[in-house]
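Notes for the one structure printed next.
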Amino acid sequence: MNAATDLAFASTLAAEQDPISRAVQVPPIRSAEASRRYCLLLLLLPFLAIPAFIRLGSSDFFQRHGASVWVQSNDAVFAMRDRDCDVLIFGDSTAMTGIDPDVVERNTGFKTCNIAVTNAVLAVTHNLTLNRYLANNGKPRVLLVQLSPDGFQPESDAWNETVYPEGLLELLRHGDPAESRRVLLRHPQQAIAFAGYAAGFTVYSGIKAVWFHLTNRRPEEDTIAIHNGFFTPPSPPSKSCEPGATFSNPRAGGTYPRAVVGEYEKGYADRSGIVLVNVAPIPSCDQNLAAFSSELNGVTSNSLLPLPVGLFNDPRHYTAVGSAVVSRLVAQELNAVAQRNPQIDDRNPTAVPRTVAALQRTGLER
């Protein structure tokens, strides 16, 4: 061997015989590379998980295994086809829990359907549910929209600082895909919160299913029956008002309430025989009752009516007894409207239910 060959051979032999050198030199390089990959994976995981969970929240799987009874009721409207309803009820959750279409139908003779949604859906998708229903079903004789007094405030249209997963879910499932992407990109905080909502409720639903299977119990949600868009939350009657849950500045609306009413009356005049925009009754102990009444007087189709707090199970939702009262008031209103507008009334006069009693408005409590 020449000198160069001997030197290379000696270097190779020394490296093979020096395990300490190999242990010191090689692993740090591999460890640094693994650390970089691990950190990169940690950074990428949220970006991969968020779209995946958003996709989960808009899926049929989530509707069956994570969505609440409110969400399921909202979503069911989009499957309706060729329904022929004389009276169509729309609005927020005060209509979902307050206007029983069966009670209205029995007291008017008009076939009645309820497609009301939650205020969270209204804030995000506005009238998407109503527009889709009218596009796929018959023209109603009367469109009755009922909103909480809070729904006539400008804040009801602003959701930037609030997470409304129910509305985002409807937008993703039934709205324009391009608009859905724009909304998610413009509101990243709400998009991330929606991903958490979808993941959390899916896991919660799975745990709950296992627990109730092992204990042979039924979850409270299973006791709620949704019929024709209407249901009553199973909460007990309220005993007092909750000041913290009421609107803090009802006079901030200005001309906004008239704009809301005008939007429905003018925007849907050609898609319904008559359009009524009602304000939902609220507890007589509500601290904003007087201010709301003053602001909405002469604006809505009805007047703001105070009812005993025991007819509510929270500040804006009704007990079964409360919904029966509200439904009969709506039926009374519809009968009066039909008498003034013969073009929408082809009922047999002898079959029209008579009003045997009416709940009159009482003076405001001080």
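The values are calculated or read from the model by the stated rules, or taken from the named source; none is laboratory data. Since the model is a prediction, treat every value here as computed from it, not as a measurement. Reconstructed Cβ throughout: ideal geometry from the backbone, glycine too, with neighbour counts over all protein chains shown.
Filtering the stretch 78-95 to residues that are surrounded by 24 or more Cβ atoms within 10 Å (Cβ to Cβ) and assigned to a helix (DSSP H, G or I) leaves Ser93, Thr94, Ala95.
Can you tell me which residues in the stretch 95-117 are modelled with pLDDT of 95 or more and of a type in the set (S, T, N, Q)? If the condition is that a residue be modelled with pLDDT of 95 or more and of a type in the set (S, T, N, Q), then Asn107, Thr108, Thr112, Asn114 are the ones that fit. State yes or no: is Ser301 crowded, with 18+ Cβ neighbours inside 10 Å, among the hydroxyl-bearing types (Ser, Thr, Tyr) and at pLDDT 95 or above? Here the answer is yes, as Ser301 does meet what is asked.
Got a number for residues in the stretch 173-191 being assigned to a helix (DSSP H, G or I), farther than 16 Å from Trp70 by Cβ, in contact with a helix residue (DSSP H, G or I) (Cβ under 9 Å, 6 or more places away or on another chain) and not acidic (Asp, Glu)? Can you show your working first?
First pass over the stretch 173-191, keeping only residues assigned to a helix (DSSP H, G or I): 173-174, 177-186, 188-191.
Pick out the ones that are also farther than 16 Å from Trp70 by Cβ and you get 177-186, 188-191.
Then keep just the ones that are in contact with a helix residue (DSSP H, G or I) (Cβ under 9 Å, 6 or more places away or on another chain); that gives 179-180, 183-185, 190-191.
Going one step further and asking which of them are not acidic (Asp, Glu), we end up with 180, 183-185, 190-191.
Selection size over the stretch 173-191: 6.
Under the condition of being under 23 Å from the mean Cα position of the chain (by Cα) and buried (at least 24 other Cβ atoms within 10 Å of the Cβ), the residues counted in the stretch 96-112 number 6.
For (1) under 18 Å from the mean Cα position of the chain (by Cα); (2) farther than 24 Å from Ala259 by Cβ; (3) modelled with pLDDT under 95; (4) surrounded by fewer than 16 Cβ atoms within 10 Å (Cβ to Cβ), each residue gets a yes or a no:
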position: Asn119; (1), (2), (3), (4): yes, no, yes, no
position: Val145; (1), (2), (3), (4): yes, no, no, no
position: Asp150; (1), (2), (3), (4): yes, no, yes, no
position: Leu171; (1), (2), (3), (4): yes, no, yes, no
position: Ser180; (1), (2), (3), (4): yes, yes, yes, no
position: Ala198; (1), (2), (3), (4): yes, yes, yes, no
position: Thr202; (1), (2), (3), (4): yes, yes, yes, no
position: Ala209; (1), (2), (3), (4): no, yes, yes, yes
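Somewhere in the stretch 63-72, is a residue under 30 Å from Leu311 (Cα atoms), modelled with pLDDT of 90 or more and either out of contact with any Lys or Arg (no Cβ under 9 Å at 6 or more places or on another chain) or not β-branched (Val, Ile, Thr) (or both)? Checking the stretch 63-72: not a single residue is under 30 Å from Leu311 (Cα atoms), modelled with pLDDT of 90 or more and either out of contact with any Lys or Arg (no Cβ under 9 Å at 6 or more places or on another chain) or not β-branched (Val, Ile, Thr) (or both). Taken over the stretch 257-294, residues that are touching a helix residue (DSSP H, G or I) at 6+ places or on another chain (Cβ under 6 Å) and charged (D, E, K, R) amount to 1. Candidates in the stretch 261-305 are the residues that are in contact with an Asp or Glu (Cβ under 8 Å, 6 or more places away or on another chain) and not aliphatic (A, V, I, L, M); of these, the one that is nearest to Pro149 (Cα to Cα) is Phe292. A search for C-beta distances below 7 Å between a residue of the stretch 192-217 that is in a helix (DSSP H, G or I) and any residue that is at pLDDT below 75 and of a type in the set (S, T, N, Q), counting only pairs 6+ apart in sequence or on different chains, returns nothing.
With the structure loaded, tell me whether Val277 is of a type in the set (A, V, I, L, M, F, W, C) and either crowded, with 19+ Cβ neighbours inside 10 Å or at pLDDT 85 or above (or both) or whether it fails that test.
So Val277 fits the description; yes.
Checked against the criterion of being on the phi > 0 side of the Ramachandran plot and not in a strand (DSSP E or B), the stretch 288-305 has at least one qualifying residue.
Out of the residues in the stretch 273-287 that are under 25 Å from the mean Cα position of the chain (by Cα) and part of a strand (DSSP E or B), state the one that is farthest from Ala116 (Cα to Cα). Filtering the stretch 273-287 for residues that are under 25 Å from the mean Cα position of the chain (by Cα) and part of a strand (DSSP E or B), the one farthest from Ala116 (Cα to Cα) comes out as Pro283.
What is the residue count in the stretch 235-251 for residues that are surrounded by 13 or more Cβ atoms within 10 Å (Cβ to Cβ) and modelled with pLDDT of 60 or more? Write out each step before concluding.
Here is the first cut: in the stretch 235-251, the residues surrounded by 13 or more Cβ atoms within 10 Å (Cβ to Cβ) are 237-238, 241-242, 246-247, 250.
From the residues that got through so far, the ones that are modelled with pLDDT of 60 or more too are 237-238, 241-242.
Looking only at that region, the number is 4.
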